[in-house]
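The structure appears below as structure tokens.
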Amino acid sequence: MTAQTHEGIHVGRLYKVFGTDPASVMPLVHEGIGKQELLEDHGHVLGLRDINLDVSPRSIQVVMGLSGSGKSTLVRHINRLIDPTEGEVRVDGEDMLALDAAALKQLRRYKISMVFQRFALFPHRTVMDNISYGLALQRLAKPERLERAARWIERVGLQGYENSYPHHLSGGMQQRVGLARALATDADILLMDEAFSALDPLIRSDMRALLLDLQHELHKTIVFVTHDLEEAIEIGDRIAILRDGEVVQNGDSQDIVLRPADSYIADFTKSINRGRVIRVGSIMEPLKPDLSGPDCPHDISVEEALPLAVASPGGEARVLNGEGEPVGTVSLGTLVRALGSEREHDRAAAGIAGQAAEAG
Amino acid sequence: MESPGRGPPPRRPGGGGQCEGGQKPGAGGGEYRGLNFPTLDIATLRAVHKSIDAAYKTFSRNYGDAIESAFDPLLWLLIKFEWILLNAPWWVIVLAIAGICYAASRRVRLSLGVIIAFLIIGVLGMWEDTMRTLAIIFVATLIAIAIGIPLGIAMSRSNRMQAFMTPILDVMQTMPIFVYLIPVVMLFGLGKIPGLIAVVIYAVPPVIRLTNLGIRLVDQEVLEAADAFGAGTWRRLFGVQLPLALPNIMAGVNQTIMMALSMVVIASMIGVKGLGMPVLQAVTNQYFALGLFNGAAVVGLAIVFDRVTQSYGRRIQEQRQS
Ligand SMILES: Nc1ncnc2c1ncn2[C@@H]1O[C@H](COP(=O)(O)OP(=O)(O)OP(=O)(O)O)[C@@H](O)[C@H]1O
Ligand SMILES: [Mg+2]
């Protein structure tokens, strides 16, 4: 281990260019050449540009973006399935790029595991053998392997399917196998590349619930790729949004919804149910000393706070922090305004200003 | 086989439209000289042939014995296997073959069919020849697999290797069968070893090709999963790539066996004993029934091998795909 004992995942100034001679076009990339231009004039694909991302231990970092924005490329740098063109990747302080093949293998066996979009199960192995694959690579004795795998089979609800082959299972069940296979190795870090994207909506929300449930006990460091903002908000402690290989915004769900960095992100957030996503704590106003009640916790949603505010005579409620101390106020007006997006406000405001200007 | 001084008539690719079909076979390109194609004159052509033959002859005189002794273990294997097949009681062999057939295919009717086929072969007096053919097919297939799978793996791992091998395999598969016999016989004379080698050369390309193809077709994401869990090159190859390529490899083995079987008849021209010999006799002496029976025995063997390897391939495929 190096002197740096910083826990978690650190990605710094990471660049990835695909093509025959990435080094030759790096100067252009640093000058800020566009992805399209790089491809058309120089025949190289810009995968990632200047990515800086820190994932704190035991948290869920979501990576979001449209197809082709570089999400898969980014997560694959964390276990070095892809080598960067430039930049650094550190896992718990350890420089991933300095590892030789043997050390890298060790790291993948014990420390980082992965769940795949199309499950990537081994079709010639039974559920049991799939789940114990990583354990076999850890050279665990067979009885222990089977015992541990059996525990995970039970934990993800696949009892009775131990000896089935993957193709006998539904998509949701296959991904349970994928999840159990990744968790069975006891790795601290879990990479999930669109792990639930191939599933039906209902199954998908089951799987999300399962994942959050597991995370509650296990406290893994999870990097979760998705292109679905709703999923991102439900799961992620932090959400990084990628566009054309660059991080456009990285923040928690409140940041993304309330303060989208640009119109690209605002577009993402348009279809979101704001009442359910926005927390009272992130829109409250300063505490009014004379206000006495009713009280609402800071982490309930706008939707949940509305009835409280409506029932209160002044249309206002006191917001309490985690310790139960009053820290702010929300009014009916604030709550209702939060339901419309910032941009609509701006547009409305601009419209009024414009009319005023015309009139004047 | 003796002095191939008079080669095949020179090719006239696309040229001489008006004398299409006017070429007499074996005319040596003399009569129509000057019509349109600038052919080498006979003397030069003969000199070219001669110098190639001479070079090859020197090579075989110098190294023939050494190469031949390198093949001794194979000869030993072939002889032993043949001895077992010829000396074991016939019913043991029939039961053993039916057993292998059932183990591979899990099909009772197919296994019964195999028993009946071998009983008919025995009753019609072709048992000994069939056993000899079985022996050489078996050994040739083993060798083809032992050479073909590693080559196929090498091809799948590097595009350059693939680019290098593909034309060679194309040539091997389109070269007229008889041409293989010439250099092999010049090197080894007549007998089992040259027969075996000719059969293997002719039959090996499908295993190589389909091993390569099978490995290349393995799902990229599944390979990525193996990598992500820390599998090394070998575990990836033996734990994932080869098992997943197995249905394709089996298809290659199946084709290889079929080609070996068809080559066996031709190999009898250079002294390989077995079902090919009587067929050859039948052709030269116009024994229609003899040729028909022995030909039917070859077909029978082919069907048995084909059904067994195919249903084995299908069985492993069914296990993993819906
Ligand atoms: N091996 C490669 N060679 C060339 N270009 C690549 C390679 N892998 C990815 N790319 C390109 O890099 C960009 C990012 O791809 P990536 O797969 O990371 O996107 P993604 O966000 O995961 O998209 P999706 O949602 O479709 O999975 C794309 O433009 C893609 O075409
Ligand atoms: Mg992707």
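The values are calculated or read from the model by the stated rules, or taken from the named source; none is laboratory data. The model shown is predicted, which means the values in this text are computed figures rather than measured ones. FYI the Cβ positions are ideal-geometry reconstructions off the backbone, even for glycines, and counts take in every protein chain you see.
A compact table of results
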{"item": "Flag for B:A289 being out of contact with any Leu (no Cβ under 9 Å at 6 or more places or on another chain) and not basic (K, R)", "result": "yes"}
{"item": "The range A:39-60 residues that are away from chain B (no Cβ under 14 Å) and closer than 19 Å to A:D92 by Cβ, paired with ones that are within 14 Å of ligand 1 (Cβ to nearest atom) and of a type outside the set (A, V, I, L, M) (beta carbon under 7 Å, 6 or more apart)", "result": "A:I60/A:F224"}
{"item": "Yes/no for A:A261 being under 18 Å from A:I51 (Cβ atoms), in the same structural domain as A:L81 (by TED's automatic domain parsing), outside any strand (DSSP E or B) and within 16 Å of ligand 2 (Cβ to nearest atom)", "result": "no"}
{"item": "Looking only at the range A:125-137, and only at residues there that are more than 9 Å from chain B (Cβ to nearest Cβ) and either in contact with a Cys (Cβ under 7 Å, 6 or more places away or on another chain) or not in a loop (DSSP other than H, G, I, E, B) (or both), the one that is surrounded by the most Cβ atoms within 10 Å (Cβ to Cβ)", "result": "A:I131"}
{"item": "Extreme residue, surrounded by the fewest Cβ atoms within 10 Å (Cβ to Cβ), among residues of the range A:186-231 that are of a type in the set (A, V, I, L, M) and within 16 Å of ligand 1 (Cβ to nearest atom)", "result": "A:A198"}
{"item": "Scope the range A:193-210; condition within 16 Å of ligand 2 (Cβ to nearest atom) and among the small types (G, A, S); matching residues", "result": "A:A195, A:S197, A:A198"}
{"item": "Extreme residue, nearest to the chain's Cα centre (by Cα), among residues of the range A:69-84 that are crowded, with 21+ Cβ neighbours inside 10 Å and more than 8 Å from ligand 1 (Cβ to nearest atom)", "result": "A:V75"}
{"item": "Pick from the range A:102-124, criterion at the interface with chain B (Cβ under 8 Å from one of its Cβ atoms) and of a type in the set (G, A, S), ranking: farthest from A:L191 (Cα to Cα)", "result": "A:A120"}
{"item": "Failed item, numbered, when A:L140 is tested on (1) within 10 Å of another protein chain (Cβ to nearest Cβ); (2) farther than 22 Å from B:R320 by Cα; (3) assigned to a loop (DSSP other than H, G, I, E, B)", "result": "(1)"}
{"item": "In the range A:62-80, the residues that are more than 12 Å from A:L107 (Cβ to Cβ) and within 14 Å of another protein chain (Cβ to nearest Cβ)", "result": "A:S72, A:T73, A:V75, A:R76, A:H77"}
{"item": "Lone unmet requirement of (1) part of a loop (DSSP other than H, G, I, E, B); (2) within 16 Å of ligand 2 (Cβ to nearest atom); (3) within 14 Å of another protein chain (Cβ to nearest Cβ) for A:G178", "result": "(1)"}
{"item": "B:L261 being part of a helix (DSSP H, G or I) and within 14 Å of chain A (Cβ to nearest Cβ)", "result": "no"}
{"item": "Every residue from the range A:108-118 that is over 11 Å from B:A228 (Cβ atoms), at pLDDT 95 or above and of a type outside the set (K, R)", "result": "A:Y110"}
{"item": "Among the candidates A:L190, A:L183, residue that is within 14 Å of chain B (Cβ to nearest Cβ), in a strand (DSSP E or B), hydrophobic (A, V, I, L, M, F, W, C) and more than 16 Å from ligand 2 (Cβ to nearest atom)", "result": "A:L190"}
{"item": "Hits in the range A:35-68 - residues which are in a loop (DSSP other than H, G, I, E, B), surrounded by fewer than 22 Cβ atoms within 10 Å (Cβ to Cβ) and near ligand 1 (Cβ under 10 Å from one of its atoms)", "result": "A:L66, A:S67, A:G68"}
{"item": "Flag if A:G93 is small (G, A, S), modelled with pLDDT under 95 and within 16 Å of ligand 1 (Cβ to nearest atom)", "result": "no"}
